[in-house]
1. Report whether or not A151 is hydrophobic (A, V, I, L, M, F, W, C), more than 20 Å from the chain's Cα centre (by Cα) and surrounded by 18 or more Cβ atoms within 10 Å (Cβ to Cβ).
2. Just the residues that are of a type in the set (A, V, I, L, M) and open to solvent by 70 Å² or more (accessible area, probe 1.4 Å), please, taken from the range 227-286.
3. Select, from A72, A53, A65, the only residue that is aliphatic (A, V, I, L, M) and over 23 Å from E121 (Cα atoms).
4. Name the residues in the range 111-129 that are of a type in the set (A, V, I, L, M) and assigned to a strand (DSSP E or B), would you?
5. Name the residues in the range 159-179 that are within 13 Å of the chain's Cα centre (by Cα) and within 8 Å of the ligand (Cβ to nearest atom), would you?
6. Identify the single condition in (1) out of contact with any Gly (no Cβ under 8 Å at 6 or more places or on another chain); (2) closer than 16 Å to K90 by Cα; (3) not acidic (D, E) that V61 does not satisfy, given that it satisfies every other one.
7. If you go through the range 130-154 one residue at a time, how many are outside any helix (DSSP H, G or I), farther than 21 Å from I180 by Cα and not hydrophobic (A, V, I, L, M, F, W, C)?
8. Please determine whether any residue of the range 55-64 is surrounded by fewer than 18 Cβ atoms within 10 Å (Cβ to Cβ) and within 9 Å of the ligand (Cβ to nearest atom).
Amino acid sequence: MHNTNWGILGCGHIAHKFAEDILATEGATLYAVGSRSLEKAKDFKQQHQAHKAYASYEELVKDPAVDIIYIATPHTYHKEVTFLCLEHSKAVLCEKPFAMNRKEVEAMIAFAKAEKTFLMEALWTYFIPHYQFVLQTVHSGELGAIQSVKADFGIDVPKDPTHRLYNKKLGGGGLLDVGIYPLFAAMTLLGTPEAIAAKATLDTNGIDLNCDMELTYPNQVKAHLFSAIDTQTDTTCHIELEKGTIRINSRFHDPTNVTITKNGITETIDFPVTVHGYHYEIVHCQEMLAKGRTESNIMTFEKSMELITLLDNVREKIGLRYE
Ligand SMILES: NC(=O)c1ccc[n+]([C@@H]2O[C@H](COP(=O)([O-])OP(=O)(O)OC[C@H]3O[C@@H](n4cnc5c(N)ncnc54)[C@H](OP(=O)(O)O)[C@@H]3O)[C@@H](O)[C@H]2O)c1
């Protein structure tokens, strides 16, 4: 089997989990890591059996043996470091949100196209088997049309100004971090809304602590969505259809199980996994690279544009502005 050499850019919280899934994926090698600190890169390398540790992102992108780079920095850096990788002809898997706004995402996509180099937003949920199963079940039409969707993602993070989520300069706030998942669910289940209403509680720095969203689709079908960083919620997704219901159990964006009720019978379907769940997008990227593709056929550029447009629209409604 062809081997793919992965690089990880930014050695924070999520990078550690992603590294564990690289190690669990056939045909994947955690080849190099880049950090702003050599010590941190060396620790990360040792912990996850990487081959190389670099003291800067620039050194990482210059290593000719790296095939693809996973970007795991705060959102405010996604555009800048994506450009850095693409300039050095490195394929890129960039964490969600792809960037801070539509303009940045457009620029990233245009640059990837110009460089003819693979680029994808790391919307990992899209690739996880339970979520693919739900999409196939809904879109097959066997349960009729969707009548409503309700999805939430709330975490209760202690207020700490040094934490990324409370730092506006690092793109803090709940919408871009966790609110993106309920919006992604509505987008993949229902498509483009006709109208969006939203209200939020902002903190004194102007970041959103929680956000309530109502998306309206043709025939008055609604998606009620909620996100928070000051409230723990179930983090489930309920889909009411004409002939039944589907509940993606907690936490709906992680590998989980799905409860379906149809013809008066309720059944829970398990999707056992031995990984965190990043494995599936890792495999997908490797397949895309092996085929010489420069764009995913699942998390397409169009989907990333749709998602950032939804985020921009909600931000406008709730007055959430970044520099
Ligand atoms: N898919 C998922 O499940 C998931 C989960 C959580 C987060 N995320 C996304 O992943 C990204 C990173 O989140 P995280 O929770 O891993 O963040 P984190 O723990 O704060 O790590 C971010 C890393 O980015 C690097 N960085 C570069 N410039 C920085 C700066 N000015 N301040 C702080 N860090 C800086 C640092 O790595 P070095 O010091 O090594 O350079 C840092 O460790 C975010 O965009 C987030 O939305 C995705």
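The values are calculated or read from the model by the stated rules, or taken from the named source; none is laboratory data. Here the structure is a predicted model, which is why all the values come from computation and not from measurement. Here the Cβ positions follow ideal geometry from the backbone for every residue, glycine too, while neighbour counts run over all protein chains shown. Quick note on the areas: whole protein, heavy atoms, side chains included, nothing else; ligands and nucleic acids left out. Shrake-Rupley method; radii C 1.70, N 1.55, O 1.52, S 1.80 Å.
1. Spelling it out, it is not the case that A151 is hydrophobic (A, V, I, L, M, F, W, C), more than 20 Å from the chain's Cα centre (by Cα) and surrounded by 18 or more Cβ atoms within 10 Å (Cβ to Cβ).
2. Across the range 227-286, the qualifying residue is only I265.
3. Only one candidate passes the filter, namely A53.
4. Passing the criteria: L119, M120, A122.
5. L176, D177 - these are the residues of the range 159-179 that are within 13 Å of the chain's Cα centre (by Cα) and within 8 Å of the ligand (Cβ to nearest atom).
6. Only one criterion in (1) out of contact with any Gly (no Cβ under 8 Å at 6 or more places or on another chain); (2) closer than 16 Å to K90 by Cα; (3) not acidic (D, E) is unmet by V61, namely (1).
7. Residues in the range 130-154 being outside any helix (DSSP H, G or I), farther than 21 Å from I180 by Cα and not hydrophobic (A, V, I, L, M, F, W, C): 4 in total.
8. For the range 55-64, residues surrounded by fewer than 18 Cβ atoms within 10 Å (Cβ to Cβ) and within 9 Å of the ligand (Cβ to nearest atom): present.
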